[in-house]
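Derivation of every value follows stated rules applied to the coordinates shown; laboratory data play no part. Everything quoted here is computed from the prediction, not taken from an experiment. Note: ideal-geometry Cβ built from the backbone for every residue, glycine included; neighbour counts use all protein chains shown.
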Amino acid sequence: MIRFLTHRTLQGIVLILIVSMIGFTVINLAPGGPLSQYAMTPGMSQQDLDRIAHQMGLDRPIPVQYLDWLVNMVSGDWGKSYRDQSPVLDVVWRHMWATLLLMGTSTAIAVALGTLIGVLGALKRYSVFDYMATVGAMIALSIPTFWFGLVAIFFFSLELGWLPAGNMYTVGDQSFSDYAIHLIMPSIVLALVNVAIWSRYMRASTLDVMDQDYVRTARAKGLPRWRIVSAHIVRNALIPMITLAGLQLPTIIGGALVTETVFTWPGLGRLFIDSLGYNDYPVIMGLLMFSAILTVIGNFLADIGVALADPRIRLG
Amino acid sequence: MTDPVLSVRDLRIRFRSGGRETQVVHGVDFDIRGGETLALVGESGSGKSVTSFALMRLLPEAPRCTIEGSVSMGGVNLLELSERRMAQVRGPRIAMIFQEPLTSLNPVHRVGDQIAEAIRFHRKMSKADIRARVIELLTLVGIPDPARRMHAYPGEMSGGMRQRVVIAMALALEPDLLIADEPTTALDVTVQAQILELLRQIQRATNMAMLFITHDFGVVAEIAERVMVMYAGRIVEQGSLADVLSNPRMPYTRGLLASVPRFEDAGLKTGPLGTIEGFVPSPDNLPAGCSFHPRCPHARPGICDGALPELAAHGAGAHLVRCARSDEPAFGAEPAEVS
């Protein structure tokens with residue numbers, strides 16, 4: 001186990017390094033650049049621009065800039081946002097918990113509902129419920145998130161007035177219920193696609209397990225049906241889902257991008273879009289690193305989770 | 001004679017798939033008594049496994065599969081029980097061991113827990129008592145160091161050991177009838193002999209009835225008192241071990257017997273191995289008359305391809321044969337030998 005852990009950690013570090021190199025290069029190859037913000041300021045001369053570039057260290061060759069950035073990053077200094085000079089780690093941290101709240105809620109909904117629908121669909125294969133779940137998943141997967149979000153806002157905020165149209169809380173009222181009511185629509189909109197994905201995987205996995213000989217053995221033992229389903233079908237069908245869940249962790253950033261924009265949710269997705277618009281390289285790099293680290297951690301946790309859940313992996 | 005533990009009458013099984021219905025078992029009758037081993041023999045596709053699964057109602061549910069006839073145990077027709085009542089029959093009344101020891105245990109649960117589970121849902125026993133019973137069962141089936149091995153996962157055991165666990169599981173509630181569906185087919189010959197010996201010992205100790213499904217007459221000769229040969233969903237010959245093995249009257253039985261490899265007593269010289277030409281017919285497309293006649297070396301037009309022969313008594317005893325020509329004096333010059 002120790003060998004496995006060190007091995008995976010080293011692999012992760014190498015992966016993150018490669019991602020950082022590619023990311024840094026690509027960002028610097030893109031047209032524009034941080035100076036274009038200053039260039040638009042009235043009365044800005046080329047001399048001023050050169051001085052600013054020198055101050056920011058942008059006049060050095062890109063490999064030097066990269067090494068500088070890398071050394072600082074490893075020592076915990078992820079640079080300062082070009083926008084407001086606040087440290088990148090602080091900026092990411094500030095936005096992260098908004099995203100975690102949204103993603104956490106939405107993932108909980110998606111996993112619970114998706115697992116339930118998937119298992120029921122498999123147990124009652126070809127039933128009316130199963131067909132409805134299949135068609136429903138297809139529809140959910142085909143609806144663009146932004147459109148569904150806008151339609152939801154139209155009905156539940158504008159027409160019915162039940163739910164707020166956006167933001168995470170009402171200024172001046174930051175009670176639990178205020179957060180909760182703001183959370184309902186974005187988390188459900190975000191969960192929709194994941195419920196569909198999760199239920200399809202779970203259905204396939206359950207059907208796979210239901211055909212296994214050990215399920216027949218469980219029936220031959222005269223176990224009650226609920227016990228067969230819980231201990232011998234769902235228990236085994238969930239194992240491949242752990243890997244899927246691990247792969248979903250990095251989508252915390254990408255996955256919420258559209259939803260956060262539609263619902264003006266102050267999370268990492270919106271931070272990313274805004275930072276791109278401002279050519280805020282340190283924040284973009286920070287988010288890129290954050291996402292790479294989450295990918296590595298997600299896979300890592302999934303591997304450990306699978307090993308814990310499946311003795312064949314643990315002991316094999 | 002004692003009453004049979006299990007009585008099967010006119011068992012008919014049909015599968016439906018894609019709107020088409022296929023009958024795979026056509027009216028099977030038999031009884032099994034306590035302490036007796038009945039072997040059910042046939043090639044793959046003869047319907048022997050399906051028959052055994054039907055007894056435990058482990059086949060897919062209607063509409064995909066229809067089971068008709070009666071399977072009586074203690075005056076109750078198991079086919080009419082609700083799924084919940086049937087679950088109470090599985091385990092304490094009928095238990096089953098399967099052909100594939102490698103896949104018939106759940107890989108993510110400890111073997112001890114899987115045996116305990118078989119007890120827990122049928123008997124009100126304390127955890128400590130169940131644990132003691134699990135160790136007792138593992139000892140009974142010959143697993144060394146049971147107190148430690150009960151914590152192992154199936155993946156940590158060999159095929160033979162896993163089959164012993166499956167047997168321990170089946171014996172946990174001392175069933176009246178044990179159905180063994182080719183329990184030794186997937187195992188090494190030496191392990192096979194051990195498992196057969198184990199089953200025989202347990203049977204002697206508990207007076208349990210056993211339905212032993214196999215395609216191997218070598219195994220039949222080891223373990224069974226009575227033999228039933230099945231072909232294309234019908235019983236074609238039935239009788240005592242001596243009747244069927246020493247005096248087989250149905251050409252299909254003879255073909256099966258001739259295809260058992262055998263070493264002659266002296267010098268390991270063997271004759272050519274017998275084979276039965278052709279394949280078991282598809283249940284969708286059974287030949288008219290005797291189902292075996294297209295493959296039968298003794299088939300005669302007008303006799304064998306007309307009406308389906310009845311399963312009729314041959315001689316005085318309980319030897320039943322389904323063959324139109326079995327009573328002809330010249331039919332089958334010499335019976336196959338039994339090793």
- prompt: Using DSSP loop states and a limit of at most 13 other Cβ atoms within 10 Å to flag trypsin sites (Lys or Arg not before Pro), what is the longest stretch of chain B containing no flagged site?
  reply: B:125-268
task: Sort region B:196-265 into rounded, prolate or oblate with this rule: let a ≥ b ≥ c be the square roots of the eigenvalues of the Cα gyration tensor; rounded if a/c is under 1.5, and if a/c is not under 1.5, prolate when a/b is larger than b/c, oblate otherwise.
output: oblate
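Among rounded, prolate and oblate, which fits region A:271-316 when a ≥ b ≥ c are the square roots of the eigenvalues of its C-alpha gyration tensor, a/c under 1.5 means rounded, and a/b larger than b/c means prolate?
Details: a/c = 8.02, a/b = 5.00, b/c = 1.60.
Since a/c reaches 1.5 and a/b is larger than b/c, the shape of region A:271-316 is classed as prolate.
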- request: Give a quick list of GluC sites (Glu not before Pro) in region B:1-107 that DSSP marks as loop, anything other than H, G, I, E or B, with at most 11 other Cβ atoms within 10 Å.
  value: B:61
query: Which of the helices in chain B, when you take each full DSSP H run, stretch at least 24 Å along the axis at their Cα atoms and have an average Kyte-Doolittle score of -1.0 or higher?
result: B:189-206
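Given a cut-off of 23 Å, name the pairs among A:124/B:127; A:221/B:127; A:221/B:124 whose C-alpha atoms lie farther apart than that in the structure shown. Display every interim value, and only then the final one.
Values: A:124/B:127 34 Å; A:221/B:127 18 Å; A:221/B:124 16 Å.
Cα-Cα > 23 Å for A:124/B:127; rest within.
Quick one: if the Förster radius is 35 Å, what FRET efficiency do residue A:67 and residue A:313 give, using the C-beta to C-beta distance and rounding to 0.05?
It comes to 0.35.
Need the full-extension length gain, residue B:156 to residue B:123, defined as separation in residues times 0.36 nm minus the C-alpha distance. One decimal, nm. Mind dumping the intermediate values first?
Working: separation 33, 0.36 × 33 = 11.88 nm, distance 2.87 nm.
Contour length minus the Cα-Cα distance gives 9.0 nm.
Within chain A, what is the longest stretch that has no chymotrypsin sites (Phe, Trp or Tyr not before Pro) placed in a DSSP loop and near at most 12 other beta-carbon atoms within 10 Å? Working shown, then result.
Values: sites that count: A:126, A:162.
Formally, the longest exposed-site-free interval is A:163-316.
Can you run the Rg to Rh ratio on chain B? Use alpha carbon positions and the Kirkwood inverse-distance Rh.
On the way: Rg = 21.0 Å, Rh = 21.3 Å.
When Rh is taken as the Kirkwood radius, the ratio is 0.99.
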- request: Note down, for chain A, the three equivalent ellipsoid semi-axes (square root of 5 times each alpha carbon gyration tensor eigenvalue), biggest first, whole angstrom.
  value: 44, 27, 15
Highest-fluctuation residue, A:170, A:107, A:243 considered, GNM on chain A with Cα pairs under 10 Å: A:170
- prompt: Label residue B:22 and residue B:327 with points 7 Å out from Cα along Cα→Cβ: what is the distance between them in nm?
  reply: 3.6
field: Stokes-Einstein D (µm²/s) once Rh is taken as the Kirkwood radius of region B:15-107 over alpha-carbon pairs, at 25 °C in 0.890 mPa s
entry: 163
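Membrane-span-like helices in chain A: DSSP H runs reaching 27 Å or more (Cα, own axis), mean Kyte hydropathy at least 1.6?
Numbers: long enough: A:2-29 (41 Å, 1.54); A:88-123 (49 Å, 1.53); A:176-210 (44 Å, 0.97); A:281-309 (41 Å, 1.85).
TM-like helix candidates: A:281-309.
Going from the alpha-carbon gyration tensor of the protein assembly as shown, what semi-axes, largest first and in whole Å, does one get by taking the root of 5 times each eigenvalue? List each step's numbers first, then the result.
Working: eigenvalues 981, 145, 119 Å².
Working through the eigenvalues yields semi-axes of 70, 27, 24 Å.
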message: Taking a ≥ b ≥ c as the square roots of the Cα gyration tensor eigenvalues, with a/c under 1.5 meaning rounded and otherwise prolate when a/b beats b/c, else oblate, which class fits region A:200-271?
response: prolate
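How large is the Rg to Rh ratio of region B:225-332 when both quantities use alpha carbon positions and Rh follows Kirkwood?
0.99
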- prompt: Rg and Dmax of region B:125-181, using alpha carbons, in Å: what are they?
  reply: 11.5, 32
Positive dipole terminus of region A:137-265, leading residue within A:181, A:233, A:262 (C-beta point charges): A:233
